[in-house]
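Below is one structure, written out as structure tokens; the observations come after it.
The values are calculated or read from the model by the stated rules, or taken from the named source; none is laboratory data. Keep in mind that this is a model prediction, so the values were computed, not measured. Glycine gets a Cβ as well: all are built from the backbone with ideal geometry, and neighbour counts include every protein chain shown.
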Amino acid sequence: MNTENNNAIEVIKLKKQFGDFVAVNEVSFSVHTGEIFGLLGPNGAGKTTLIRMMTTLTPPTSGKAVVGGHDVVSDADGVRHAIGVIPQALTSDPELTARENMAIHAKLYGLTSAERQRLIPSLLESVGLTEFADKLVGSFSGGMRPRLEIARGLVHSPKILFLDEPTTGLDPVSRTAVWEMINKLKESAGLTILLTTHYMDEADRLCDRIAIVDHGLLAALDTPTRLKDSVPGTDIVKAEFDNPPANWNAALEKLDGVSTVTAQDGVTHIASNSGPLTVGALMDLAREHHVGVRRVSVQGTTLDDVFLYYTGRQLREAASETLRRDLSHLYK
Amino acid sequence: MKFQRIFAIIERDMRKFFRSPALMMSSMIFPLMQLIVLGYAFGGKIKGIKIAVVDEDRSAASRDVRQRFDAIVAGPQTMKIEDYNSLSDAETDLRTGFVRAVVYIPVDFSRRMEEGNRPRIAFIEDNTDNFVTSELLTRMQSLVQDINQGLNPFQPGQRLAVAAPRLNPLVDLQIVEVYPYIEYIKYLLSGSIAMSIFIVAMIGGGITFIDDKSRGLHEGYLVTPIKKSELILGLIFSGAFKGLMAGTTITLIGGLIAGISRLWDPVRLVYLGMVLTTTSVAMLSFMFLLMVRVSDPLVPRAIFGVLNTLLYFPSGAIYPIEGFPVWLRWISYIDPFTYAVHGLKALLLKDAGFQAIYSDVLILIGFSVVLVGLSVAFFRRQI
């Protein structure tokens, strides 16, 4: 472990190219020891490729990644001993019981019988699966399987845990349970956790720091609070107008306290130092220009606004764009 | 290399295997069915072939010939005789399939016999079925030989082609059979045993491996410190163990069905174990090398039949390799099935010792070493 600069992971100009397609383009960041670090971005942004390079599953095209003090290329075995990985695809064997899955994984890490006897029951207990320990994993509900994956990923007491979209496809109750477990792990085991997600609320609630990834590039990196503060204006006023004139957005930008105005899907996002004052001024301006106001709301800056600010589009828009790209061959 | 990791992979596979007995059943049902159906279908003596006899001579000599046919009908029952009055009717029925051959005794048969002027009997055959043709020809040659040697008509229980010439022959051929008569089901057994191991290799080593890969299960192992060689050896050994279980079961059940004598001889069982073990490892290594770069679950299913044909038939399991054209012989030389079948036949049909199988065992071991080496070289540890 690299303790000198207190970084568990160092990623320097890491790049992955598949033919002409650049999945990850010279991304650099550091993950501090003991923090929960989130890679936030839509599907296809390059998050999984990044995590696969850091976990030695995919060789980088260029650049460098040092995980737990070990280079992912020259000391891949050292990396594998230092990390626990919960891949996006659930990788526990459905034909084996939870305990058997844990035991076989423990043996692959060379744990002795005594260590297995001690660790497996306590890990299963920590993820609330003690009573299901001897049940086949194939019979587990959607929420139980990720918990088992997390327990299995911790069986060799790693220093760093990688979670690739740990709550994708889970119902809200299961998602909350996984979030609580990740928080508990960080506090009790002092783990460094790197997770990828495309859920804003997940990143906001769990992560100490967030890196926004889009099109294989790092768009921004900071704590959720600082990222939100970095968006001009402390409040976002969202309004929908009837028949606004051509220069309407420019007129809105001239209002007191307003820093930026962007329009998305017929909704105008106005970043402002004071939401309520901007709403009053906005209503006056609308009356003056005979513009109808269909809806108006004020909210504090969210990560969605951060994503919009740094990438020029909303996360859901990016996701649907990725989907369109993935399915484009169907329309040829 | 850490054996604990290899054993972990073996343990995982064996636990999964014992939870799905369908694999074991399916790997045994097909070879057993094949053994029983093919063994009895091809193994039986051909009986009741319809023969038309047209006797235009109607003499004592022609009645003697006719009597000899009746003796065959009463004895080995190879033929059923239908008397016809006209050759053209008989030929019509031959062409329409009502009879398989026509024996024609011409009107001058007895006269020529008395004159010693090469009396002739015509044998007109439907030669579209080699098995029937071959059996009929053997009977006819034996019958004519008996007439020439002045033997009495064939009696039930009497052996054919008894070498007891009336005149001193130039060469007296004595035939000594080393082994008792081998029924076809016994001949087929070795191939069925090898087939059961092949099916386990195909399902356990091919289909399950690719399915696990496509379900992402392998990703879970690839992020651990397991080495390529450990993962491959674990998968091959677990598959080979399953193959050994299937092969042993078919050896014992098939051996009982086929009536292999002294099946429980402990020394022979040890030798059988050696051949079955090396065959299983070789088959799994072969399958693993084929599948090492495959990720589409449809591929092993699609090539199942192709591989079966390409490995099973050229192995000498159902027909001797000596009868193959050169290109097919080359396939049989590089086919692990060939050495498995050869070793198993030596043990099951000839009750031979280690000397008869050691070359097969060595070739199968060499085969496995090369294939495992190639599999390790070609296996991609990264995605």
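Scan region A:282-303 for residues that are over 35 Å from the mean Cα position of the chain (by Cα), surrounded by fewer than 19 Cβ atoms within 10 Å (Cβ to Cβ) and of a type in the set (G, A, S) and the total you get is 1. When B:D172 is tested against (1) among the acidic types (D, E); (2) assigned by TED's automatic domain parsing to the domain that holds B:G75; (3) modelled with pLDDT under 80, only condition (2) is not met. Residue selection: A:P94 satisfies the criterion of being closer than 26 Å to B:R19 by Cα, surrounded by fewer than 21 Cβ atoms within 10 Å (Cβ to Cβ) and at the interface with chain B (Cβ under 9 Å from one of its Cβ atoms). Within region B:247-268, not a single residue is part of a helix (DSSP H, G or I), touching a Phe, Trp or Tyr at 6+ places or on another chain (Cβ under 7 Å), among the hydrophobic types (A, V, I, L, M, F, W, C) and more than 14 Å from every other protein chain (Cβ to nearest Cβ).
When A:G216, A:G266 are checked against the criterion of being of a type in the set (G, A, S) and touching an Asp or Glu at 6+ places or on another chain (Cβ under 7 Å), A:G266 stands alone in meeting it.
Residues in region B:1-27 that are more than 14 Å from chain A (Cβ to nearest Cβ) and either in contact with a helix residue (DSSP H, G or I) (Cβ under 6 Å, 6 or more places away or on another chain) or hydroxyl-bearing (S, T, Y) (or both): B:S26, B:S27. For region A:177-227, give me each residue that is on the phi > 0 side of the Ramachandran plot and of a type in the set (G, A, S). Matches in region A:177-227: A:G190, A:G216. The condition of being within 14 Å of another protein chain (Cβ to nearest Cβ), crowded, with 24+ Cβ neighbours inside 10 Å and either in contact (Cβ under 8 Å) with a residue 60 or more places away in the chain or under 30 Å from A:L161 (Cα atoms) (or both) holds for only one of B:G216, B:G220, that being B:G220. The condition (being modelled with pLDDT of 95 or more, closer than 20 Å to A:I212 by Cα and of a type in the set (G, A, S)) is satisfied by just one residue among A:A65, A:A103: A:A65. If you filter region A:97-130 down to residues that are within 14 Å of chain B (Cβ to nearest Cβ) and outside any helix (DSSP H, G or I), you find that the one that is nearest to B:R215 (Cα to Cα) is A:T97. Taking region B:257-282 as the range and being modelled with pLDDT under 95, on the phi < 0 side of the Ramachandran plot and within 19 Å of the chain's Cα centre (by Cα) as the test, the residues that pass are B:I257, B:A258, B:I260, B:S261. State which residue is nearest to A:T61 (Cα to Cα) when the search covers only region A:12-42 and only residues that are assigned to a strand (DSSP E or B), touching a helix residue (DSSP H, G or I) at 6+ places or on another chain (Cβ under 7 Å) and not charged (D, E, K, R). Residue satisfying both the conditions and the ranking: A:L14. Total residues in region A:166-219 satisfying the condition of being of a type in the set (A, V, I, L, M, F, W, C) and either free of Cβ contacts under 8 Å to residues at least 60 places away in the same chain or not assigned by TED's automatic domain parsing to the domain that holds A:V85 (or both): the figure is 8. Residue count for region B:43-80, restricted to those that are of a type in the set (D, E, K, R) and touching a helix residue (DSSP H, G or I) at 6+ places or on another chain (Cβ under 6 Å): 3.
Evaluation of A:Q88 against the conditions (1) in contact with an Asp or Glu (Cβ under 6 Å, 6 or more places away or on another chain); (2) modelled with pLDDT of 95 or more; (3) within 24 Å of A:I212 (Cβ to Cβ) shows that the sole unmet condition is (2).
Of everything in region A:67-96 that is aliphatic (A, V, I, L, M) and in a helix (DSSP H, G or I), the residue that is farthest from A:T192 (Cα to Cα) is A:A76. Contact map, region A:43-64: first residue more than 14 Å from chain B (Cβ to nearest Cβ) and of a type in the set (G, A, S), second residue surrounded by 20 or more Cβ atoms within 10 Å (Cβ to Cβ) and not in a loop (DSSP other than H, G, I, E, B), Cβ cut-off under 6 Å, separation 6 or more or different chains; pairs are A:A45/A:V213; A:A45/A:D214; A:G46/A:A23; A:G46/A:V24; A:G46/A:V213; A:G63/A:L14. Of all the listed residues (A:V85, A:V79), the sole one being within 30 Å of A:G138 (Cβ to Cβ), within 13 Å of chain B (Cβ to nearest Cβ) and crowded, with 23+ Cβ neighbours inside 10 Å is A:V85.
There is at least one residue in region B:266-278 that is crowded, with 24+ Cβ neighbours inside 10 Å and in contact with an Asp or Glu (Cβ under 9 Å, 6 or more places away or on another chain).
Taken together, the criteria exclude B:F123 from residues that are out of contact with any Leu (no Cβ under 9 Å at 6 or more places or on another chain), modelled with pLDDT of 80 or more and either among the aliphatic types (A, V, I, L, M) or assigned by TED's automatic domain parsing to the domain that holds B:E56 (or both). The residues of region B:115-146 that are of a type in the set (D, E) and outside any helix (DSSP H, G or I), listed by number, are B:E125, B:D126, B:D129. Would you call B:F354 of a type in the set (F, W, Y) and free of Cβ contacts under 8 Å to residues at least 12 places away in the same chain? Considered against the rule, which asks whether it is of a type in the set (F, W, Y) and free of Cβ contacts under 8 Å to residues at least 12 places away in the same chain, B:F354 comes out as no. Of everything listed in (1) within 14 Å of chain B (Cβ to nearest Cβ); (2) buried (at least 20 other Cβ atoms within 10 Å of the Cβ); (3) touching a Pro at 6+ places or on another chain (Cβ under 6 Å), the single unmet condition for A:L14 is (1). Going through region A:155-179 one residue at a time, which ones are surrounded by 16 or more Cβ atoms within 10 Å (Cβ to Cβ) and within 22 Å of A:M53 (Cβ to Cβ)? Residues satisfying the conditions are A:H156, A:P158, A:K159, A:I160, A:L161, A:F162, A:L163, A:D164, A:E165, A:P166. What are the residues in region A:181-206 that are not hydrophobic (A, V, I, L, M, F, W, C) and not in a helix (DSSP H, G or I), if any? Within region A:181-206, A:G190, A:T192, A:T196, A:T197, A:H198, A:Y199 qualify.
Residues in region A:153-204 that are charged (D, E, K, R) and out of contact with any Pro (no Cβ under 7 Å at 6 or more places or on another chain): A:K159, A:E165, A:D171, A:R175, A:E180, A:K184, A:K186, A:E187, A:D201, A:E202.
For region A:131-145, filtering for residues that are within 13 Å of chain B (Cβ to nearest Cβ) and closer than 14 Å to A:M181 by Cα leaves 1. Flag: B:V299 matches the condition of being at negative phi and surrounded by fewer than 20 Cβ atoms within 10 Å (Cβ to Cβ). You will find that of A:V67, A:V73, A:V27, the residue that is of a type outside the set (K, R), within 14 Å of another protein chain (Cβ to nearest Cβ) and crowded, with 24+ Cβ neighbours inside 10 Å is A:V67 and no other.
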